[in-house]
Each structure stands twice: as C-alpha cells, then as structure tokens.
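Structure, as structure tokens:
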C-alpha cells in the first residue's frame, strides 16, 4: 500500500462518515492479490466518544497472521505505514481547483486533491468567522468565492490591498486570535508565477522566510505579512493567495527552493485556511484624511480602472497614485501629480451646508455607458468626528441606467440627498463619493469596487459671509 492509495479515505468527521473507528479491523488477502489500483477497504464500526483533534492510524500487511494486540512487534514480510487522521469538522479553502494536480488557475483545494483543510476550533482562527465543510465549496468557481456562493463566507481575517504591475513590495495585514493554550503559526503564499502552486519562494519573506508565531492569549491581533521581492506582473492578471493559521508546526522541507511548498496543502488539526483572489490592475483611490479609511492598509476605497465608460464628470482618473490612497487635510492628495480627478464640483460648486439645515442635496455629474445599471454612493461626516460611520451620513442613488449622461449639466439631475440632519456646527468636513456597477452598503466607504471612480471633497458648514 502507498499513501496515494489510501489518503483520500483517511479524513474523518465526528459523525463517522466516511471513515469509522472502534479499535481494529483486518482483511485477509490471498496470494497474488494486486490492489495497486483496486483499494482494499478496512472498516471500523461502533465508533463513540470522538473529539476534535488528531489520532494515529497504523496499517500493516504481512505474511503472518496478526491480532488486535499486534500493532507493535515483528512480522514476517510486508510493510507497516503510519498516518495521522484528523477528527472533527473542517474548514477548506476555495481557490480555483478544476481537477487533480496543479496548473494555471488550478490549485490544490479539494479533498481529492489533498487541498488545505483545518479542524475547526473556535479558540484559534483568523478574523471572527468560521465555516464547516465536508469539502471545498464549488472549487471550479473563479475568484476564490466558493464559500461566498454557499452563504458561508469566512474570509474575513486578512485585508487584501490592491496590487498593480509596479509593486516591488506588498504587505497583507492579518487579524488573528489564539486562545488555544498553544503557540499558533501563520503561513501565507502568493502565486506570483501563476502556475497553480504555492511555491516555497512565494512564501512571505521569500524562499528563506520564516513563519510568524502568535502566542496564546492574543485576541484580534493584527500582524503584517510582507513580500519584499517578486517579479512584475502584467496588468489584467489573476493572482491567488493562501493564508493558513494553526497550532501545527508544519514541516518546512523546501526552504531555499522554488518548489511547491507542502505546507500549503494537506490537513491541520486546528485553525483556519483562507484563500483570496486579486486582479492586477491600476486603481483610483481616495485622498481624505486617513481617519476616514483612505490608505489601503486602513481598508480604504479603491476602484479598478477597467472601464472607460463610467466616471464622475469626466474620464480623468488619477492613475499616478494608484499605489495607495493619498490622505491629506484638504483632500487634495491626488492632485500632487497634476491630475485633479476630484471634479464633481468644477461646473457648479457644492452648496454650503447651513448650521440649521435638516436636508442637503448634491448634484453629481456622471456618465454611464457600461451596459448595466450603475450606483452612486455618498458619505458626509456631519458631526465632524473623523469618520463616516454614524447614522444618517450615507446616501445613495441606485439603478442609474446605462446611457445616462449628466456629465456636462451645471445642475445635474443625478443627485444625492441626505435627510434628518441635526446638530451641525460651523466648520469644514469631508464627503466621499463612489460611482460603480458594484452594490455597496452604508458601511462600504472603504474597500474594493469593480470599476468607476472615488472622489473625496471638503464640505463647508456654517452661515458664511461673501464678498
């Protein structure tokens, strides 16, 4: 027997399916039996009292008869093989896996492909969500969204910043909790060469990079994982990321090489695996102060530059600063390269917001020729507390039909209106506008959008005197 002949049957769940255990089972094989391609099935019945974790499995084939007590000792001829069998409920990744083996956009994700899986233990995890699966969810789906499609998206442990074709360094902040009583270990890879493998030289820190230890007693601790050297990647390229967190110290057998890293696949007794997809593109970002989540590492907004037919006022997007958001007090960080793309107000200034106002309307000139409905979203920090998180600070205009063009209107008919305003004080505050085909919520002042544009502006509040 070889590991390949039995490994697919050695993954157990607490219900005892597909593998069950009491203590001992054996089959007698007649001489000349050849089961290299036809498996012999050993079945253990009467399971009870299983707990989450791992257990040992020993298989012996011999020319002499053995008993239930002969897990040790000498046998005539044959072979002995030992395995670790994981018990419990499991979390799988969801990177694309179209078949056994690896190739471009075909990763080790499913159980039959020896994909990464972890026994679920709520004392050691990334983010705050866990999901239980019998196998990877819909692994043929692109964009590592198998978990999302089944309604059990647990990929909330890492923030994946935008990646463009000029990056020479890249950092991912990962939030972890470890109250297991054991040291936890973080592992992460980015498949920069897109060969469908997570290679040792794609591990964070390079091919000699060391894993990150997280001591027990940490809750919602954020640590940054960095890649300091990698080849340029062409715009429009799909890239997959795998992050694993477990108290298991996985064997690092390929240090210093560019070979597939075996720590990126197979089982772990606890923790979690999260797979992510990112597309290499150019991006438009914001430039309000970073208390409004402007930098990518703060969860700032970014819009992919992949559609020239959706924009605010005109198609002058700010490409030069798409490496990150550009937070400044005047929300003018994008202008530093001489390309001012915050031009929603260049035909008509935004109205002044009086202290006594209870409603506020902003006309936003825009253009949508994407072939699909677009959505316009806005946030204003009315209470000037440095964020967009308060009730009443969000407005939206949805289902903006394709062929809508208000980009040259001095009084745009595409408007955002905020109601129920109260308690205003004189001063200046900030507004964020986002136009996209994506569907966003009141909490999405940051994060990705599939296309369109983001603009940050200063808004003045008060009863002002004019010359």
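Let a ≥ b ≥ c be the square roots of the eigenvalues of the Cα gyration tensor of the stretch 45-105; is it rounded (a/c under 1.5), or, if not, prolate (a/b larger than b/c) or oblate?
oblate
Take peptides 65-75, 161-171 and line them up by average Cβ neighbours within 10 Å, highest first, as a rough protection proxy.
161-171, 65-75
Would you mind ranking 58, 434, 279 by Cβ crowding within 10 Å, fewest neighbours first?
Neighbour counts put them in this order, fewest first: 58, 279, 434.
Which shape class applies to the stretch 90-279: rounded if a/c is under 1.5, otherwise prolate when a/b exceeds b/c and oblate if not, where a ≥ b ≥ c are the square roots of the Cα gyration tensor eigenvalues?
Rounded, because the longest to shortest axis ratio a/c is under 1.5.
Among 300-313, 106-119, how do they line up by average Cβ neighbours within 10 Å per residue, starting with the highest?
My ranking of the peptides, most packed first, is 106-119, 300-313.
Please list 120-133, 78-91 highest first by mean number of surrounding beta-carbon atoms within 10 Å per residue.
Answer by packing, highest mean first, reads 120-133, 78-91.
Using Cα pairs closer than 8 Å and at least 6 residues apart in sequence, work out the relative contact order for the stretch 90-279, in percent.
Result for the stretch 90-279 is 29 percent.
Going by the alpha-carbon gyration tensor, a ≥ b ≥ c the square roots of its eigenvalues, is the stretch 303-439 rounded (a/c under 1.5) or, if a/c is not under 1.5, prolate (a/b greater than b/c) versus oblate?
In terms of gyration-tensor shape, oblate.
Report relative contact order for the stretch 161-268 in percent, whole number only (criteria: Cα-Cα under 8 Å, sequence separation at least 6).
It comes to 38 percent, rounded to a whole number.
Please compute, over every Cα-Cα pair in the stretch 157-230, the percentage with a separation greater than 15 angstrom.
Above the 15 Å cut-off, the stretch 157-230 has 58 percent of its Cα pairs.
Each value in this text was obtained by applying a stated rule to the coordinates, not by laboratory testing. Nothing here was measured: the structure is a model prediction, and the numbers come from that model. FYI the Cβ positions are ideal-geometry reconstructions off the backbone, even for glycines, and counts take in every protein chain you see.
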